[in-house]
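The values are calculated or read from the model by the stated rules, or taken from the named source; none is laboratory data. Nothing here was measured: the structure is a model prediction, and the numbers come from that model. Using ideal geometry, Cβ is built from the backbone for each residue, glycine included, and neighbour counts are taken over all protein chains shown.
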Amino acid sequence: MQDLLNKILPIFPMLLTLTLSQIIYLKMDKRYGLTNKISAKLPVKQDQKELLCICCFMISMLIIGILGIYVIDIPSTIYFALSGILLGIGISVTHKISLIKIN
């Protein structure tokens, strides 16, 4: 049990910020229609917008990771929290764009 707790505890900030960022983004999207604005600004076909969003968020996570390792010393907890925020927003945007494609 202690071994499982030691494995889960470091990724807890990521899971917490992922959940919170999804909840906050979905509430803001319902009020302001952010996904429709993002989808209208992307200069690619509707079929490729989901892939473009995922690639952009993964590249930004990679850049934060590279900066954290080589340029500035970012603690792993802060890196996991930033990754959770980007991942939560990226998943929400991609899911909403895929729903636009279906409708």
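Remarks
- Complete set of residues in segment 65-103 that are under 15 Å from the mean Cα position of the chain (by Cα) and over 28 Å from Lys30 (Cβ atoms): Gly65, Ile78, Tyr79
- Which numbered condition Ile97 fails, given (1) assigned to a helix (DSSP H, G or I); (2) free of Cβ contacts under 8 Å to residues at least 24 places away in the same chain; (3) aliphatic (A, V, I, L, M): (2)
- Unique residue being part of a helix (DSSP H, G or I) and either farther than 14 Å from Ser83 by Cβ or out of contact with any Leu (no Cβ under 7 Å at 6 or more places or on another chain) (or both) when the list is Ile24, Ile64: Ile24
- Restricted to segment 43-57, and to residues there that are exposed (fewer than 13 other Cβ atoms within 10 Å of the Cβ), modelled with pLDDT of 85 or more and part of a helix (DSSP H, G or I), the residue that is nearest to the chain's Cα centre (by Cα) is Cys55.
- Ile63 vs. criteria surrounded by 13 or more Cβ atoms within 10 Å (Cβ to Cβ) and not polar (S, T, N, Q): no
- Selection from segment 67-94 of residues that are in a helix (DSSP H, G or I), aliphatic (A, V, I, L, M) and more than 17 Å from Gln22 (Cβ to Cβ): Leu67, Ile69, Val71, Ile78
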